[in-house]
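The values are calculated or read from the model by the stated rules, or taken from the named source; none is laboratory data. Remember, it's a predicted structure, so these values are computed and weren't measured experimentally. All Cβ positions, glycine included, derive from the backbone under ideal geometry; neighbour counts span all protein chains shown. Protein only, heavy atoms only, side chains kept; ligands, DNA and RNA dropped before computing areas. Shrake-Rupley method; radii C 1.70, N 1.55, O 1.52, S 1.80 Å.
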Amino acid sequence: MVIRSRFRVSARLALVVVLSAATPLAAQRSVPSAPAPSTTDFTLPGLHQPVEIRVDRWGISHIYARDEHDLFFAQGWNAARDRLFQLEMWRRQATGTLAEILGPREIQRDVGTRLFKFRRDLTQELQHYHPHGVAIVNAYVDGINAYIAETNRHDARRLPLEFRLLGIRPQPWTPEVVISRHQGLLGNIDSELAYGRAVAAVGAETVRRLEDFGPGDPDLTLDPAIDKAGLSQDILAVYNAFRRPVDFRPEDIVPEHRGDDGAFARLQAASAAAAYAPAYDPAADVGSNNWVVSGRLSESGYPIMANDPHRRQSAPSLRYWVHLVAPGWDVIGGGEPSLPGVSIGHNRYGAWGLTVFATDGEDLYVYDTNPSNPDEYKYRGTWEPMTVIHEDIPVKGQGPYHATLKYTRHGPVVFEDRAHHKAYAVRAAWMEIGGSPYLASLRMDQAKTWEEFRDACSFSNIPGENMVWAGRDGTIGWQAVGIAPIRPNFSGLVPVPGDGRYEWAGYLPIKAKPHVMNPPQGFWATANNDLIPRHYPYRDAVGYDWSDPYRWARVSEWLGSNRRESMADMMHLQTDELSIPARQLVPLLKDLEMPDARTERARQLLLNWDYVMAKTSTAAGLYAAWEGQLRRRVGAILVPEGVRLTLPLRMVVETLEVPPGELGVEPTKARDKILTDALVAAVAQLTEKLGPDFGGWAWGQPAYHHVTLHHLLGEAVDSATRAKLDVGPLPRGGYGSTVNATGNSDNQTSGASFRIIVDTGDWDDAVGTNTPGQSGDPDSPHYRDLFRSWANNRYFPVVYSRARVEAATEQVIELKPGG
C-alpha cells in the first residue's frame, strides 16, 4: 500500500525514501562527488571552437559548446559514439537499403520506404522545424559523419559488436535520413482497413456498438462504390513492411557467431508465446502518461511536470538522454538519438512532456483503374494518369531490384487489383512539409513562456500529441498538437472512393485544437484518453479512437485529493500499480457460489486483495489470468464470428457491471456464469502454467510477468553472444491498465523506458529513468547499468547546474577543431 508523503522531500532524498530505504538518508542529500574523471580528446574537422562533453555516472552526456553549430555537431558526434549501430539501422530503414545487407526478403520493406519517401523541398522542410533548421540538421549530420569517418579509418575490430557480427560498416548520413517518417506514430490506416472489413461483414451499426468511438457518432457507412470483397486482400502489405521492426536471422550473422536454425525457430516461438495475451490488442500498450501540477498543489510551491512515454521495449532503448548548453540553449531531457534537440525535458524556464493524442492523418482511397491502362485512375469522371517513378534497389546476393513506384493525386499506391481494375492509395498528412516526428521540439527547447511554448507547438505536426507545460513562472497548460485533416463529409474511419467525392478541406490550425491554461482544479493529466470538450466545434478534425480511461482516472483521483504533492509522491504515482478495472470487477464475485474448493479459494484470494498489481502478489497473478478469460468470453459473445475486432476493456467491464440483453434472456444469471467460468478457467490456466501451488502464482516472475529486453540480433546469434546482447529477465509489476503500464503479456514488450519528473522550483531536483542504459554498445559499461534500478521502479537524479554536473562527472571528452 502506498503511503503518501505529507512533508517536503527533495528528489535526492526521495530516491531513498521511495525506492531505496536501506541507504542512509544523509548520504543522499546531494550527489556525492565522483572520483576524478578520465579525460580523452579528439580533433575533428568541422568544429568551429572547442567543445566539452561531460558524461555523468548514469551515462548522460552534458555538452557545452560556444556556438549553435558546434552544439549540434557535437550532439550528432556523441549520439554516434553511444548509438552507432542503432543509427545505422535507422539510416538503412530511412533510405530503403536493408536488402543490400539482408537480401531479397527485405525488398518489400525497401520498396515501401521509397514509396513513402519525402520528395518535396528539403530546405522548406528543415526550416519548418526551427528558423535555423537547415544549419542545425546539417551540423547534426556532419557530427554523425565525423564519428563514422573516424571509426571507418580503423580496423573493424574497433567497431561495436553488431557491425562485426554482420560484417558491415556504418555509412554516411544525409539530412534526408533525419527527416524520415518510418518510425513515427503516424496514423490509423490499419484500423481504418480493419473497420472497413468489419463493416463489410456485419454492418456499420454493429461495429459502432462494438467500438468505443467518441465523442460523437461517426459515420461508418461504406460507400456503395467500395468493393467489399476486395477489402479482404492484403492491401497494406507494403505499408506495413516499411513500418515493422527489422528481423535478423542466423544466415545474416558471420559464421563464428551464428545461431543454429532450430534454436532460432524455438526462440521466435517462445517470444511470440510470451508476447501473446488472450483477447488483448498489443497496440493498446503504445501510450503514455503525463501530468502537470500547479504550485498551489506542490510542496515546493512551484509547478511539477511528470511524463513517461510508452513505446516498444528493446536493447538499446528508443530514448536517449542529453544535455545541450550553448548561447541560447540550455535544455536537458530525452529524445531519439537520430534527431537533434530534446523532445521531452526542461530548460531554465519550464518543463514539458508528451503523450499520444488521437489524430487521424491517414485515409485509404479506392480507385477504379482504366482497363486499357492500369496506370490511369478515374477522378471526377475522367481518367487521370498516375505519377510513376522507377528506382533500383541493391539486393545482397543478386542484381538490383527494379522498383516501380506509383502515386495518385492523393498519395502512394500501395496495392493494385488488376483483375478487378482497382487500385488503393494512402493519403498521409505526415507526407506534408513538417511531418518528421518530434523534430519541431527544437522550437520547444527554447520556449520561455506558455505563450512561446504554444507557438512552438503550432509547428508540431507529427505525431498527434498531448503537450503539457509547467513554467517556473507558475503557469501550467495543455495543448493538443498534430496535423489534422478537415473532412467535411466523412469520418475517416473506413476506406472511401478516390473519385473526388471525399476530399480533405485543408488542415485545422494546431492552436485551434483543444487546449487549457491554468485549469481550476490545479492539475492536468493525459493518458491517451478522450479529453475532447463535448461542444468542441471541430469534431471532424480530431480522432475517434482513444485508450481506455483507467490510467488517466487513477492519476486524476490521486492528484484530485487536494494534497500537496512532493517529488516522492510523483515517483510513487508514476509507478503506481493499482488496477481500477480490478476494483470494479472483483466485487462482482462477492455473492457467487463456486463449483469446487480450489475456485472458491481463488475467489476468496481476490476478494481479500487490495487491487494492486504488485510483482510479489499471488492475487495479482490470478487476477491477470481472470481478466484475460473475461475478455475472451465477453468478446466471444458480443463480437460476431469472423470479425477481427478487440473489445475495449471498458466495454467488457460495463457489460459485466450492467449485463445487457445480448448475454441472454436472463442477463444477470448469464453474467454470473461468465464470472464463474472465467475464474475456473483462470485457475486451470495457472495450474498448468505454474503448478498447483497457489504460492507459486506470484504475478512478477520469469515464468509469468517479467521483462527481457531483446536486441535486434539476439535471436540470430549463438547463446554466448545473445547473453551479451539481451538484457534480463527480471520480474515486473503493473499491467496494461495501471499507471505503471507494463502490458498484459508475459514479457513486457512496451511501456515506459524513459521517465522524467521535474520540480520547476529546483532544476537539480529532477529525476528520471532509462533502460537498459544510455549506450547502445554492448561492450560499454553504460549498456545495461540502469536496467535493474528501472525494473525495480527506481530513479536517478538528472543533474543540471554546472556544479552538480561536475560533481557527477565520470568522463570528460574534449572535442577540438582541426584535422
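Structural remarks
- Alpha carbon centroid spacing (whole Å) that separates the range 584-661 from the range 92-135: 46
- The relative contact order of the chain comes to 22 percent, based on Cα pairs under 8 Å that sit 6 or more residues apart.
- 10 Å Cβ shell holding at most 11 others, DSSP loop, GluC sites (Glu not before Pro): longest site-free stretch of the chain: 1-592
- For the range 604-713, the Cα gyration tensor yields ellipsoid semi-axes of 28, 19, 12 Å (square root of five times each eigenvalue, largest first, whole Å).
- Taken over the range 539-596, the alpha-carbon convex hull comes to 193 cubic angstrom per residue.
- For the range 182-226, the Cα gyration tensor yields ellipsoid semi-axes of 20, 14, 9 Å (square root of five times each eigenvalue, largest first, whole Å).
- Projected onto their three principal axes, the Cα atoms of the range 328-459 cover extents of 64, 45, 22 Å, largest first.
- Ratio of the Cα radius of gyration of the range 286-365 to 2.2 N^0.38 Å, where N counts its residues: 1.34
- This model, with +1 at the C-beta of Lys and Arg and -1 at the C-beta of Asp and Glu, gives the chain a dipole about its Cα centre of some 1100 debye.
- Size estimate for the range 196-258 follows the Kirkwood approach: the inverse of mean 1/r over distinct Cα pairs works out to 15.5 Å.
- For the range 726-794, Kirkwood radius (reciprocal of mean inverse C-alpha pair distance, Å): 13.3
- In this simple spin-label model, placing a label point 7 Å from the Cα along the Cα-to-Cβ direction at both Leu122 and Tyr401 gives a separation of 2.5 nm.
- Here the Karplus relation 6.51 cos²θ - 1.76 cosθ + 1.60, evaluated at θ = phi - 60°, turns the backbone of the range 783-791 into coupling constants of 6, 9, 6, 9, 5, 5, 5, 4, 5 Hz, with x for every Gly and Pro.
- Over all projection directions, the Cα-based convex hull of the chain averages an area of 34.8 nm².
- Three principal axis lengths of the range 420-496 [C-alpha, angstrom, descending]: 62, 23, 14
- Backbone geometry of the range 62-72 corresponds, through the Karplus equation with coefficients 6.51, -1.76 and 1.60 at θ = phi - 60°, to 3J(HN,Hα) couplings of 9, 9, 10, 10, 9, 8, 5, 4, 5, 4, 7 Hz, x marking Gly and Pro.
- In the context of the full set of protein chains, residues of the range 568-610 present 42 Å² of accessible surface per residue (probe radius 1.4 Å, heavy atoms only).
- Separation of the range 142-156 and the range 214-260, taken as the distance between their Cα centroids, equals 35 angstrom.
- Computed magnitude of the charge dipole of the range 351-476 (debye, nearest 20; Cβ of K, R +1, Cβ of D, E -1): 80
- Convex hull of Cα atoms in the range 671-715, direction-averaged projection (nm²): 4.8
- Placing unit charges on each Cβ (+1 for Lys and Arg, -1 for Asp and Glu) gives the chain a dipole about its Cα centre, and among Val812, Asn289, His420 the Cα reaching farthest toward its positive end belongs to Val812.
- Normalising the Debye intensity of the range 297-343 to I(0), with uniform scatterers on Cα atoms only, and taking log10 at q = 0.18, 0.20, 0.29 Å⁻¹ returns -0.73, -0.82, -1.09.
- Per-residue surface analysis assigns Lys511 an accessible area of about 80 Å², computed on protein heavy atoms at 1.4 Å probe radius.
- Using the Cα coordinates of the range 400-450, the gyration tensor eigenvalues translate into equivalent-ellipsoid semi-axes of 38, 14, 7 Å, sorted from longest to shortest.
- For the range 636-688, the alpha carbon convex hull comes to 98 Å³ per residue, rounded to a whole number.
- Based on the Stokes-Einstein relation at 20 °C and a viscosity of 1.002 mPa s, and on the Kirkwood radius from alpha carbon pairs, the range 762-818 is assigned a translational diffusion coefficient of 164 µm²/s.
- Under the Debye formula (equal points on every Cα, no solvent term), log10 I(q)/I(0) of the range 119-185 at q = 0.15 Å⁻¹: -0.62
- Just so you know, the Cα atoms of the range 72-194 work out to an Rg and Dmax of 16.0, 51 Å.
- Coordinate range along principal axes, alpha carbons of the range 693-819, Å, largest first: 62, 43, 20
- Ligands, DNA and RNA left out, the 1.4 Å accessible surface of the chain is 52% carbon and sulfur atoms.
- Positive-end extreme of charge dipole, the range 75-122 - chosen from Phe118, Ala79, Ala94 (charges on Cβ): Phe118
- Electrostatic tally near Asp746: other residues with Cβ closer than 12 Å to its Cβ, Lys and Arg +1, Asp and Glu -1, net +2.
- Measure of compaction for the range 373-528 (Cα Rg per 2.2 N^0.38 Å): 1.42
- The calculated 222 nm mean residue ellipticity attributable to helices in the chain amounts to -9000 deg cm²/dmol, summing -39500 (n - 2.57) over DSSP H runs of n ≥ 4 and dividing by all residues.
- Counting only Cβ charges, +1 for Lys and Arg and -1 for Asp and Glu, the dipole size of the range 665-819 around its Cα centre is about 220 debye.
- Using heavy atoms of the protein chains and a probe of 1.4 Å, the accessible area assigned to Arg454 is about 50 Å².
- If the convex hull is drawn through the Cα atoms of the range 683-768, its volume per residue in Å³: 153
- Ratio Rg/Rh, restricted to the range 139-269 and using Cα atoms, in which Rh is the Kirkwood radius: 1.16
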